[in-house]
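Quick one: this structure, given as structure tokens, is what I'll be asking you about.
No value in this document is a laboratory result; all are computed from the given coordinates. Note that this is a predicted model, so its numbers are computed, not measured. Note: ideal-geometry Cβ built from the backbone for every residue, glycine included; neighbour counts use all protein chains shown.
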Amino acid sequence: LIYGFVRSFLKIKDLINLILLFYEEIIIWKIKNTDSVRKMDKFRSMKNGSAIYGPSFELLPSIKFETTLCSNGWKINQRGSTQFYIELKMMPKIIRSITIYYELACF
């Protein structure tokens, strides 16, 4: 999240690494079947408009995000497609704009 921002504005590697040390967020959200829990099966069989809520994360105590997945779309016209959302839950009024860089990987 932060890496994309600082990479585009800064050229000093030590400063970039220092910023990433304090502010970079990496979240792993595992949805898989195990012997006792069939998370992937449940995910694949969800109805349109149903969602599962993943990890929340924050930047500073005042900027909060939540991740959401809809395996069969959120709206009727999205049926058959998976929708991934990063929802901004809280942000101070003093911030006028925000840019989010994210990378999604499926294994």
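Extending each Cα 7 Å along its Cβ direction at Leu104 and Ser62, get the distance between those two points in nm, one decimal.
Spacing of the two 7 Å Cα→Cβ label points: 3.0 nm.
Further question on the same structure: Over 26 Å between Cα atoms: which of Lys30/Lys93; Lys39/Lys75; Lys30/Lys64 fall into that group?
Lys30/Lys93
Right, next: At 0.36 nm per residue, and after removing the present C-alpha to C-alpha distance, how many nm does the segment from Met90 to Ser50 gain when stretched out fully? Could you put the intermediate results ahead of the total?
Working: separation 40, 0.36 × 40 = 14.40 nm, distance 2.29 nm.
Using 0.36 nm per residue and subtracting the Cα-Cα distance, I get 12.1 nm.
A follow-up question, please. With each pseudo-label sitting 7 Å past Cα toward Cβ, what's the Ser36-Ser97 distance in nm, one decimal?
Reported label-point gap for Ser36 and Ser97 is 4.9 nm.
Sorted by packing (mean other beta-carbon atoms within 10 Å per residue), highest first, where do 46-56, 90-100, 67-77 land?
Going by the mean number of other Cβ atoms within 10 Å, highest first, we get 67-77, 46-56, 90-100.
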